[in-house]
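Novice: One structure, pasted below without further comment.
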Amino acid sequence: MSAGETNVLELQGVGKRFGGITACKDISFTLAKGQLMGLIGPNGAGKTTAFNLITGVYGLSEGRILLEGAQLSGQRPDRIVRRGVARTFQNIRLFRNLSVLENVVIALDCHEVYPLHASFLRLPFVRRREKGLREEAFAYLEAVGLADKSGARADAMPYGLQRKLEIARALALKPKLLLLDEPAAGMNPEESYDLARLVRRIHDEFHLTTLLIEHHMDVVMALCEKIFVMNFGEKLAEGTAEAIQQDPSVLKAYLGEGFKRAQHI
Amino acid sequence: MLEYIFGVISLGLIYVIATTGLAVFTGFTGLFSLGHAAFFAIGAYTAAILTYFYGWNFYLALAAGAAAGGLVGFLIGYPTLKAKLRTDYFAIATLGFGEAIRVLLENLPITQGARGLPGIRGETNLPVLLVSAALVIWLARNLIRSRHGRAAVAIREDFVAAEMMGVDIFIGRLRSLTFSAACAGLAGGLFAHYFCFIQPSMFTSYMSTQMTAAVVAGGMGSISGPVVATLIFIGIPEALRVANIWRLVAYGLLLVLIMVFRPQGLMGYREFSLDLVKGWFGLARKGGKA
């Protein structure tokens, strides 16, 4: 196996400045196919900025981002999505007035191709495709355990379920690379364990490569084989969960001196 | 009297056609326009000039009016939507555009300026209006139930998330604007051949505002709501003609009352259906028990 073929995501010296503020500086890492990597660090460390750079929401100030060896930087967000990058949002961004099922169908539309005139005339094959899309969307809801909520309005669901719907919607984009931005935020320990198991299961089931931002350290340590730590927009450390937990600079800047080793799920 | 009632219904249907298009743009795509009277005027003048000066077939002229409206919508949308103007700035841009078109119509030789075009062939009748309105509503409904319509709704709901679902925001918005402008153009052509006379002062920002008001009062994300609201807004001032200028007060009051008591509009995010009517009765019964 040559390294070039198996790297799903590669950041090379990526930097981002907003005026005089440096949000990200010289960030480089690679994500091999099938890897589940954690991105951690204190608030304001530039983790979400990194996600916004990968997904094209912000343009890069420096460096390059490659998806499966091909240049990703400089493209529009919707094009990047079509090339196989899906994300969830730290502050939930569902289509609030729509049903749970419709939220997922919109994601499936990403790979749907029937033309505009067929939409206007609602030709028979459009009808069939629409039925197929609904069935497929339902399957994604089943994968995250939301099948019984398919008819509910998205914003009528509890917070935890909304996060699961965001994950279902991201999966429906059929991504190669999944970016999860604090999926366990605001959850109690039991719920976050539950979510960690879900992330592990979909990561394996859908053959994904996953990058996870999370503040629940037990979730990160249990899930991620590799962890990248950021602080003040720069790399602080990179390594296995074990190595990170013993790294003095990480303990000092983020985890705290008294951090105890997490148990595996 | 019957003729008068048919007249009110006809005017109502002309506005229904324009408002249905605007419902797709405002109610489903989430952008506001204060200049749709301009597309209406472009359709009216295009169709009227073609039948009046060039002796075109009425139906071909209608289609040309709709196409002209759509084309101008596309041309004005391309730079403004490409620039990703915020929705309120976009509304201001359409306001300016609407006034610019009206001034243009007042000064072009072919439109005969402020004198207008008198003696246009009166070929719009109730059957033509009914078929046109049904066709436009059918097309609009099909559109919003397709992947293209869902893209528009996604843009309305949260355009950042829509972009992350692979939706091209610019194309989605431009598509809705072009469709709504074509609907307004069709309505304009029908209007011109109904009243047999058009002049630029008919197509003021008051007309644009009335259309947008009908969409908002009818309910965002609904087609049947704005259709009903349009018929009410056209019907009430006519029914209150005896009250003279007070009818405009009543019209304003109605709008305020709808916004106070039903801020989501008559049919926000829903459509009229048998189930809904049953639901109302169900709700009434529950209310009675409590």
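Novice: Criterion first (closer than 15 Å to residue A:200 by Cα, surrounded by 23 or more Cβ atoms within 10 Å (Cβ to Cβ) and within 13 Å of chain B (Cβ to nearest Cβ)) does residue A:165 satisfy it?
Specialist: No, not satisfied.
Here's the yes/no breakdown for (1) touching a residue at least 24 places away in the same chain (Cβ under 8 Å); (2) within 25 Å of residue B:86 (Cα to Cα); (3) among the β-branched types (Val, Ile, Thr):
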| position | (1), (2), (3) |
| --- | --- |
| B:131 | no, no, yes |
| B:136 | yes, no, yes |
| B:150 | no, yes, no |
| B:164 | no, yes, no |
| B:173 | yes, yes, no |
| B:180 | yes, yes, no |
| B:184 | yes, yes, no |
| B:189 | yes, no, no |
| B:200 | yes, no, no |
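Novice: Select from segment A:118-156 the residues that are of a type in the set (A, V, I, L, M, F, W, C), more than 23 Å from residue B:179 (Cα to Cα) and not in a loop (DSSP other than H, G, I, E, B) and list them in ascending order.
Specialist: Of everything in segment A:118-156, those that are of a type in the set (A, V, I, L, M, F, W, C), more than 23 Å from residue B:179 (Cα to Cα) and not in a loop (DSSP other than H, G, I, E, B) turn out to be A:133, A:137, A:138, A:139, A:141, A:143, A:144, A:147, A:154, A:156.
Conditions (1) farther than 22 Å from residue A:8 by Cα; (2) under 15 Å from the mean Cα position of the chain (by Cα), marked per residue:
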site: A:188; (1), (2): yes, no
site: A:197; (1), (2): yes, no
site: A:208; (1), (2): no, yes
site: A:215; (1), (2): yes, yes
site: A:233; (1), (2): yes, no
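Novice: If we keep just the residues of segment B:135-156 that are surrounded by fewer than 21 Cβ atoms within 10 Å (Cβ to Cβ) and either farther than 25 Å from residue A:100 by Cα or in contact with a strand residue (DSSP E or B) (Cβ under 6 Å, 6 or more places away or on another chain) (or both), which is nearest to the other protein chains (Cβ to nearest Cβ)?
Specialist: B:139
Novice: Might you check whether a residue that is touching a Phe, Trp or Tyr at 6+ places or on another chain (Cβ under 7 Å) and closer than 23 Å to residue B:93 by Cα occurs anywhere in segment B:49-63?
Specialist: No, the conditions are met nowhere in segment B:49-63.
Novice: Something else now. Just one of (1) more than 14 Å from chain A (Cβ to nearest Cβ); (2) crowded, with 19+ Cβ neighbours inside 10 Å; (3) under 13 Å from the mean Cα position of the chain (by Cα) trips up residue B:209, so point out which.
Specialist: Status for residue B:209: all satisfied but (2).
Novice: Test of understanding: among A:63, A:34, A:56, A:38, which residue is facing chain B (nearest Cβ under 9 Å) and within 20 Å of residue A:7 (Cα to Cα)?
Specialist: Just a single option satisfies the conditions, and that option is A:56.
Novice: Using beta carbons and a limit of 9 Å, which pairs, at least six apart or on different chains, have the first residue in segment B:5-23 and more than 21 Å from residue B:143 (Cβ to Cβ) and the second one of a type in the set (Gly, Ala, Ser)?
Specialist: Cβ pairs passing all conditions: B:8/B:235; B:8/B:239; B:9/B:235; B:12/B:235.
Novice: Residues being crowded, with 19+ Cβ neighbours inside 10 Å and not in a helix (DSSP H, G or I): count how many of those fall in segment B:219-245.
Specialist: The number of residues fulfilling the criteria is 5.
Novice: Next up: Would you tally the residues in segment A:59-74 being under 21 Å from residue A:23 (Cβ atoms) and crowded, with 18+ Cβ neighbours inside 10 Å?
Specialist: The total comes to 5.
Novice: Also, quick follow-up: What pairs come up if the first residue lies in segment A:68-89 and is in contact (Cβ under 8 Å) with a residue 40 or more places away in the chain and at the interface with chain B (Cβ under 9 Å from one of its Cβ atoms), the second is aromatic (Phe, Trp, Tyr) and surrounded by fewer than 23 Cβ atoms within 10 Å (Cβ to Cβ), and their beta carbons are under 7 Å apart, counting only those six or more places apart or on different chains?
Specialist: If the second residue must be aromatic (Phe, Trp, Tyr) and surrounded by fewer than 23 Cβ atoms within 10 Å (Cβ to Cβ), the pairs left are A:87/A:51.
Novice: What are the residues in segment A:90-101 that are over 19 Å from the mean Cα position of the chain (by Cα) and within 7 Å of chain B (Cβ to nearest Cβ), if any?
Specialist: A:96, A:97, A:98
Novice: Another question, then. Mind telling me which of the residues B:192, B:213, B:184, B:217 ends up being farther than 30 Å from residue A:169 by Cβ and touching a His at 6+ places or on another chain (Cβ under 6 Å)?
Specialist: Criteria check complete, one pass: B:184.
Novice: What are the residue pairs meeting all of these: first residue in segment A:160-179, first residue closer than 19 Å to residue A:133 by Cα, second residue among the small types (Gly, Ala, Ser), Cβ atoms under 6 Å, and 6 or more apart or on different chains?
Specialist: If the second residue must be among the small types (Gly, Ala, Ser), the pairs left are A:169/A:107; A:170/A:86; A:172/A:107; A:173/A:86; A:173/A:107; A:175/A:84; A:175/A:86.
Novice: When residues of segment A:41-84 are filtered for being over 16 Å from residue A:29 (Cα atoms) and among the charged types (D, E, K, R), how many remain?
Specialist: 5
Novice: With respect to residue B:93, determine if the residue is over 21 Å from the mean Cα position of the chain (by Cα), on the phi < 0 side of the Ramachandran plot and modelled with pLDDT under 95.
Specialist: Here the answer is no, as residue B:93 does not meet what is asked.
Rundown of residues vs (1) in contact with a Cys (Cβ under 7 Å, 6 or more places away or on another chain); (2) polar (S, T, N, Q); (3) within 20 Å of residue B:98 (Cα to Cα); (4) surrounded by fewer than 21 Cβ atoms within 10 Å (Cβ to Cβ), yes/no style:
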{"site": "B:158", "(1), (2), (3), (4)": "no, no, no, yes"}
{"site": "B:163", "(1), (2), (3), (4)": "no, no, no, no"}
{"site": "B:176", "(1), (2), (3), (4)": "no, yes, yes, no"}
{"site": "B:179", "(1), (2), (3), (4)": "no, no, yes, no"}
{"site": "B:185", "(1), (2), (3), (4)": "no, no, yes, no"}
{"site": "B:191", "(1), (2), (3), (4)": "no, no, yes, no"}
{"site": "B:195", "(1), (2), (3), (4)": "no, no, no, yes"}
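Novice: Would you mention how many residues in segment A:102-117 are assigned to a helix (DSSP H, G or I), over 26 Å from residue A:165 (Cβ atoms) and more than 8 Å from every other protein chain (Cβ to nearest Cβ)?
Specialist: Residues flagged as assigned to a helix (DSSP H, G or I), over 26 Å from residue A:165 (Cβ atoms) and more than 8 Å from every other protein chain (Cβ to nearest Cβ) within segment A:102-117 amount to 1.
Novice: If you don't mind, another one. Which of the residues belonging to segment B:163-201 are within 8 Å of another protein chain (Cβ to nearest Cβ), under 27 Å from residue A:177 (Cβ atoms) and in a helix (DSSP H, G or I)?
Specialist: B:163, B:169
Novice: Related question: Here are B:25, B:40, B:6: which of them is under 19 Å from residue B:129 (Cβ atoms), of a type in the set (Phe, Trp, Tyr) and in contact with a Leu (Cβ under 8 Å, 6 or more places away or on another chain)?
Specialist: Among B:25, B:40, B:6, only B:6 is under 19 Å from residue B:129 (Cβ atoms), of a type in the set (Phe, Trp, Tyr) and in contact with a Leu (Cβ under 8 Å, 6 or more places away or on another chain).
The values are calculated or read from the model by the stated rules, or taken from the named source; none is laboratory data. As the structure is a computational prediction, the values presented were derived from the model and not from experiment. In this analysis, Cβ positions are derived from the backbone assuming ideal geometry, glycine residues included, and neighbour counts consider all displayed protein chains.
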